[in-house]
Amino acid sequence: MARKMEVDPRTVSKYANQEEFRRKRKQKRKARVMDSVKQIVDKWIKEDLKKKKKYKRTAKKCGSSLKTMVKTQVI
């Protein structure tokens with residue numbers, strides 16, 4: 001039993017009528033978001049490994065700390 005493909009007939013005819021197929025290139029990203037704060041977060045994680053679970057930073061607390069650092073331009 002053949003499966004029905006959910007493809008628009010206009011799309012099929014568009015590609016069927018093309019002489020040459022061009023592949024899309026992957027988009028290159030200029031800079032990652034975490035690059036500027038990665039060292040700080042890594043330092044916090046290493047510090048938290050030594051602490052008890054109750055006193056470790058949560059993701060929410062790390063995010064709010066980073067926001068306050070950016071506002072005061074410590075980074």
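The values are calculated or read from the model by the stated rules, or taken from the named source; none is laboratory data. The structure displayed is predicted, hence computed values, not measured ones. Cβ coordinates were reconstructed from backbone atoms using ideal geometry, including for glycine residues, and neighbour counts include every protein chain displayed. Calculation scope for accessible area: heavy atoms of the full protein, side chains included, ligands and nucleic acids excluded. Shrake-Rupley method; radii C 1.70, N 1.55, O 1.52, S 1.80 Å.
For Lys52, the lysines whose Cα falls under 22 Å of its own Cα, not counting residues fewer than eight places away in the same chain, are Lys43, Lys60, Lys61.
Using the charge dipole of region 26-75 (Lys, Arg: +1 at Cβ; Asp, Glu: -1 at Cβ; taken about the Cα centre), state which of Ile40, Ser65, Tyr55 has its Cα farthest towards the positive end. Going by the Cα projections, it comes out as Tyr55.
Taking the Cα centre of the chain as origin, work out the dipole magnitude from +1 charges on Lys and Arg Cβ and -1 charges on Asp and Glu Cβ, in debye rounded to 20. Numbers along the way, then the final one.
Values: 27 positive and 8 negative charges, 123 e Å.
Charge dipole of the chain: 600 debye, to the nearest 20.
In the chain, carbon and sulfur make up what percent of the accessible area (probe 1.4 Å)?
Working: 4590 of 8580 Å².
The computed percentage sits at 53.
Against the chain, whose longest principal axis comes from its Cα atoms, helix 59-71 is set at around 80 degrees. Per residue, the solvent-accessible area of the chain (1.4 Å probe, heavy atoms of protein chains only, all protein chains present) comes to 114 Å². For the pair Thr11 and Ser36, what calculated FRET efficiency results from E = 1/(1 + (r/R0)^6), where r is the Cβ-Cβ distance and R0 = 35 Å, to the nearest 0.05? Computed FRET efficiency for Ser36 and Thr11 comes out at 0.30.
Grab the DSSP H runs of the chain that are 4 residues or longer, score each as -39,500 (n - 2.57), total them, divide by all residues and round the 222 nm result to the nearest 500 deg cm²/dmol.
Helices in the chain give a 222 nm mean residue ellipticity of -13500 deg cm²/dmol.
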